[in-house]
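Notes follow the structure.
The values are calculated or read from the model by the stated rules, or taken from the named source; none is laboratory data. Keep in mind that what you see is a predicted model, and the values were worked out from it rather than measured. Neighbour counts run over all protein chains shown; Cβ positions are idealised from the backbone, glycine included.
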């Protein structure tokens, strides 16, 4: 594999395919996301937190609409995470308190935005401050082989108990992998705007991480600690080096209190050692453009868990559909859960293609 490799190429799966296929996002209501900040608004302050329900529009577009309606600069609107366009999502934004009078006089529902609540807050929302996302996803038009219900029930139980590989989803790489082209252009020295540069850097680091994780899935160590690993504490940024794996670490691993981690590439030495570091360096060398742009941008070596915990997993089945609900910590991709259950096609991609060619 080389720097020109397509990130949508086949990444290793934790378990064999079940022979089930289906579609997601046939309607926006089939993919629902609710953002959980993990804290309550202060109740007063120079800003207001707005809980917004949006349908069929992306986060930046909503932020721009709030800025326009509130007669404020776009940079004054805050939000924590980017949410799916082809979905119904509930997400928090912040605006200066002075914008509220104009916003209250605007019919946001006419453009697919519903204001659910507003509360005073002392600070503008910053990126990445939310704690988790709750998903409710319907896979429809399912085609299944014999005995599929029992197989699917067993797989769902395994995911609830063991998690899934924590891959970055295709969204990170842009439509048809377009952000990887940005990586190549940035590595070639092409100047680009802040937005495209940010997409390129995110895609570069994610590409290397996914490749390392895929290798660990293939050798069966994505959910095991190895000597030389760096363990990540669940739900925090804290990590520690593993020199030897004892029963205490094994137990913490079983209950998903800690996870093995992979590299978010950048400057400096890897925190891993031995065979783990050798694998990570080998794979980074196979992606020279991605590694180079991360280093040249001054990004530091960081770690990301190799395993994604799927909390509060519940499901409903019919003969032709499966509806899932679960919670993921921020940074987790729902599509990485789905890929361990079925071969899923995204109806929104077909809809976008048809719109762009009419």
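Does residue 151 meet the test of being surrounded by 12 or more Cβ atoms within 10 Å (Cβ to Cβ), outside any loop (DSSP other than H, G, I, E, B) and either over 24 Å from the mean Cα position of the chain (by Cα) or free of Cβ contacts under 8 Å to residues at least 40 places away in the same chain (or both)?
Yes, satisfied.
Could you look through region 291-316, keep only residues that are more than 19 Å from the chain's Cα centre (by Cα) and either assigned to a loop (DSSP other than H, G, I, E, B) or without any contact (Cβ under 8 Å) to a residue 24 or more places away in the chain (or both), and pick out the one that is surrounded by the fewest Cβ atoms within 10 Å (Cβ to Cβ)? Explain how you work it out, then say what you get.
Applying the first criterion (more than 19 Å from the chain's Cα centre (by Cα)) to region 291-316 yields 291-301, 314-316.
With either assigned to a loop (DSSP other than H, G, I, E, B) or without any contact (Cβ under 8 Å) to a residue 24 or more places away in the chain (or both) added as a condition, the list becomes 296-299, 301, 314, 316.
Numbers: 296: 14, 297: 16, 298: 8, 299: 17, 301: 17, 314: 11, 316: 10.
The extreme case among them is 298.
The numbered conditions (1) free of Cβ contacts under 8 Å to residues at least 60 places away in the same chain; (2) more than 22 Å from the chain's Cα centre (by Cα); (3) surrounded by 17 or more Cβ atoms within 10 Å (Cβ to Cβ); (4) closer than 29 Å to residue 254 by Cα are all true for residue 279 except (1).
Put simply, of 138, 216, 172, 205 the only residue that is assigned to a strand (DSSP E or B) and in contact with a helix residue (DSSP H, G or I) (Cβ under 9 Å, 6 or more places away or on another chain) is 138. Considering the conditions (1) surrounded by fewer than 16 Cβ atoms within 10 Å (Cβ to Cβ); (2) at pLDDT 95 or above; (3) under 24 Å from the mean Cα position of the chain (by Cα), residue 73 is excluded by exactly one of them, (3).
Is one or more of the residues making up region 130-139 crowded, with 21+ Cβ neighbours inside 10 Å and without any contact (Cβ under 8 Å) to a residue 24 or more places away in the chain? Within region 130-139, not a single residue is crowded, with 21+ Cβ neighbours inside 10 Å and without any contact (Cβ under 8 Å) to a residue 24 or more places away in the chain.
Go through (1) farther than 16 Å from residue 323 by Cα; (2) outside any strand (DSSP E or B); (3) within 19 Å of the chain's Cα centre (by Cα) and name the single condition residue 133 misses. Residue 133 satisfies all of (1) farther than 16 Å from residue 323 by Cα; (2) outside any strand (DSSP E or B); (3) within 19 Å of the chain's Cα centre (by Cα) except (2). When region 248-268 is examined, which residues are found to be surrounded by fewer than 13 Cβ atoms within 10 Å (Cβ to Cβ) and either closer than 10 Å to residue 305 by Cα or in contact with a strand residue (DSSP E or B) (Cβ under 7 Å, 6 or more places away or on another chain) (or both)? Scanning region 248-268 gives 267, 268. Could you go through region 197-208 and let me know if any residue there is free of Cβ contacts under 8 Å to residues at least 40 places away in the same chain, in contact with a strand residue (DSSP E or B) (Cβ under 9 Å, 6 or more places away or on another chain), closer than 29 Å to residue 298 by Cβ and buried (at least 16 other Cβ atoms within 10 Å of the Cβ). Checked region 197-208: no residue is free of Cβ contacts under 8 Å to residues at least 40 places away in the same chain, in contact with a strand residue (DSSP E or B) (Cβ under 9 Å, 6 or more places away or on another chain), closer than 29 Å to residue 298 by Cβ and buried (at least 16 other Cβ atoms within 10 Å of the Cβ). Can you confirm whether region 159-168 contains a residue that is free of Cβ contacts under 8 Å to residues at least 60 places away in the same chain, outside any strand (DSSP E or B) and surrounded by fewer than 17 Cβ atoms within 10 Å (Cβ to Cβ)? Yes - at least one qualifying residue is present in region 159-168. Of all residue pairs spaced 6 or more apart or on separate chains, those with beta-carbon atoms under 6 Å, a first member in region 45-60 that is touching a residue at least 24 places away in the same chain (Cβ under 8 Å) and on the phi > 0 side of the Ramachandran plot and a second member that is in a loop (DSSP other than H, G, I, E, B) and surrounded by 16 or more Cβ atoms within 10 Å (Cβ to Cβ) are 56/112. Of all the criteria given as (1) in contact with a strand residue (DSSP E or B) (Cβ under 8 Å, 6 or more places away or on another chain); (2) surrounded by fewer than 17 Cβ atoms within 10 Å (Cβ to Cβ), the one not satisfied by residue 271 is (2). Here residue 322 fits the description: more than 29 Å from residue 192 (Cβ to Cβ) and at pLDDT 95 or above.
Considering 250, 181, which residue is over 23 Å from the mean Cα position of the chain (by Cα) and outside any loop (DSSP other than H, G, I, E, B)?
Working: 181 fails: over 23 Å from the mean Cα position of the chain (by Cα).
The unique qualifying residue is 250.
Picking from residues in region 253-287 that are part of a helix (DSSP H, G or I) and touching a helix residue (DSSP H, G or I) at 6+ places or on another chain (Cβ under 8 Å), the one that is farthest from residue 227 (Cα to Cα) is 285. When region 95-110 is filtered for residues that are surrounded by 14 or more Cβ atoms within 10 Å (Cβ to Cβ) and within 15 Å of residue 54 (Cα to Cα), only 108 remains. Note on region 225-247: residues that are surrounded by 15 or more Cβ atoms within 10 Å (Cβ to Cβ) and farther than 16 Å from residue 307 by Cα amount to 3. Please work out if residue 237 is closer than 25 Å to residue 164 by Cβ and part of a loop (DSSP other than H, G, I, E, B). Yes; evaluated as a whole, the condition is true for this residue.
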